[in-house]
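Engineer: Mind looking over this structure? Questions follow.
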Amino acid sequence: MFLFRASRYLEELDKFRPDIYKACKASMVIAEHDLDFLRINKETFSECPSESIDYAVMENTEDAVVVAMDAGWSDIGSWSSLWDISEKDMDGNATHGDVILHNSKNSYIRTDGKLVAAVGVDDLVIVATKDALMVAHKDSVQDAKIIAEQLKAKSRSEWELHREVYRPWGKYDSIDHSDRYQVKRITVKPGAKLSVQMHHHRAEHWIVVSGTARVTNGAETFLLAENESTYIPLGAVHALENPGKVNLELIEVQSGSYLGEDDIVRLEDKYGRLTTED
């Protein structure tokens, strides 16, 4: 483990690997804030040489000392490592979320939503998220990266997209979809506003679940309260805003011949986004 002041490390990095230092500094100069994140410039940072701190600095500096330490440290580099450090029941199972077990031992089971019931399993890692379900033997869990490579090779949506997506104005959760419809649960933060936009291939129904929505639908602007709804026709210029003090929750039902996120024509955006990927 390394411990140093950031300023001191940067001095040594600039001394021994000025190419890395300059690339990183350039990418930070044009970094952008996104919600609680600071996103460095991708194109500039990609020019940074790939080198570990060990080789770049620590093997060259003359101003370092080594101190032995027994801190019970674990990198937690795999799901099986999480099982190692987790609190377990009398059968050696570590569980998180809504889990029911029967005749199962020495397993790590985690769910972020749906109930997971495990019967007669041993030494497994079971992880259920909104996006996917993974079942693996603890001795083979590191091979999950092979599945990720297969998803990428097959251009599966799970490789690039999450069901729950965060945006500067809040988030949305794609709770159902088919060829010609998609249902989203949308959360808009107080004072936030989605871009003024239109779609070429889909219409939308908005139903307010909680909070207050200020809706622009064509030439009209009006308020919607809980249990009220509106219809956005295909091609209509529209916008959604939360003028209240609490989160706005609504259900959006999209219908049309194409429902991709790239069917968004932004006409105005308070967050300066120019593409549908922002």
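Derivation of every value follows stated rules applied to the coordinates shown; laboratory data play no part. In this text the structure is predicted, and so the values were computed from the model without any measurement. Every residue, glycine as well, gets a Cβ built from its backbone with ideal geometry; the counts of neighbours run over all protein chains shown.
Engineer: What nm value, rounded to one decimal, do you get for the distance between Ile30 and Asp139 when each label is placed 7 Å out toward the C-beta?
Structural biologist: Going by the 7 Å Cα→Cβ label model, 5.1 nm.
Engineer: Now for a different question. As a test of understanding, state the convex hull volume per residue of segment 164-268 from its alpha carbons, in Å³.
Structural biologist: 89 Å³
Engineer: Give, in nm to one decimal, the length gained when the segment between Glu11 and Glu268 is fully stretched (0.36 nm per residue of separation minus the Cα-Cα distance).
Structural biologist: 88.2 nm
Engineer: Right, next: Give me the three principal axis extents of the chain from the C-alpha atoms, as integers in angstrom, largest value leading.
Structural biologist: 69, 58, 40
Engineer: Counting other Cβ atoms within 10 Å of each Cβ, which GluC sites (Glu not before Pro) in segment 1-100 have at most 10 and sit in a DSSP loop?
Structural biologist: Glu62, Glu87
Engineer: Could you tell me the center-to-center distance, by alpha carbons, between segment 107-144 and segment 1-61 in angstrom?
Structural biologist: Answer, in whole Å: 37.
Engineer: How about Lys22: which lysines have a C-alpha closer than 24 Å to its C-alpha, ignoring those fewer than 8 places off in the same chain?
Structural biologist: Lys42
Engineer: Loop-only GluC sites (Glu not before Pro) in segment 174-278, please: DSSP not H, G, I, E or B, and at most 15 other Cβ atoms within 10 Å.
Structural biologist: Passing both the DSSP loop test and the Cβ count: Glu226, Glu228, Glu261, Glu277.
Engineer: Once you've got the GNM for the chain with C-alpha springs shorter than 10 Å, pick whichever of Asp131, Asp70, Asp179 has the biggest mean-square fluctuation.
Structural biologist: Asp70
Engineer: Under a cut-off of 21 Å between alpha-carbon atoms, report the lysines in cross-link reach of Lys138, not counting same-chain residues fewer than 8 places apart.
Structural biologist: Lys88, Lys105
Engineer: Place a label point 7 angstrom from the Cα of Arg156 along the Cα-to-Cβ direction, then list the residues of segment 172-186 whose backbone nitrogen is under 20 Å away.
Structural biologist: 174-179
Engineer: Determine, from the Cβ-Cβ distance of Leu38 and Val165 and an R0 of 22 Å, the FRET efficiency 1/(1 + (r/R0)^6), rounded to the nearest 0.05.
Structural biologist: It comes to 0.70.
Engineer: Let me ask something else about it. Which whole number in µm²/s is D for segment 149-189 by Stokes-Einstein, with the Kirkwood Rh taken over Cα pairs at 25 °C and 0.890 mPa s?
Structural biologist: 211 µm²/s
Engineer: Suppose the chain between Ala68 and Lys88 were pulled fully straight at 0.36 nm per residue; how much longer would it get relative to their current alpha carbon spacing?
Structural biologist: The span from Ala68 to Lys88 would gain 4.1 nm if fully extended.
Engineer: Still on this structure, please answer the following. Which of the trypsin sites (Lys or Arg not before Pro) across segment 77-148 are loop residues per DSSP, with 12 or fewer other Cβ within 10 Å?
Structural biologist: For trypsin sites (Lys or Arg not before Pro) across segment 77-148 that sit outside H, G, I, E and B with at most 12 neighbouring Cβ atoms in 10 Å, the list reads Lys114.
Engineer: Taking just the C-alpha trace of segment 107-226, give me its Rg and Dmax in Å.
Structural biologist: Cα radius of gyration and Dmax of segment 107-226 are 19.6, 62 Å respectively.
Engineer: Find how much the distance from Lys105 to Glu59 grows on full extension, using 0.36 nm per residue of separation minus their present alpha carbon separation; answer in nm with one decimal.
Structural biologist: Length gained between Lys105 and Glu59: 12.0 nm.
Engineer: Now for a separate question. Students often forget the sequence filter, so: which aspartates and glutamates lie under 18 Å Cα-Cα from Lys130 once same-chain residues fewer than 8 apart are removed?
Structural biologist: Within the straight-line limit of under 18 Å, Lys130 reaches these aspartates and glutamates: Asp98, Asp112, Glu158, Glu160, Glu164, Asp173, Asp176.
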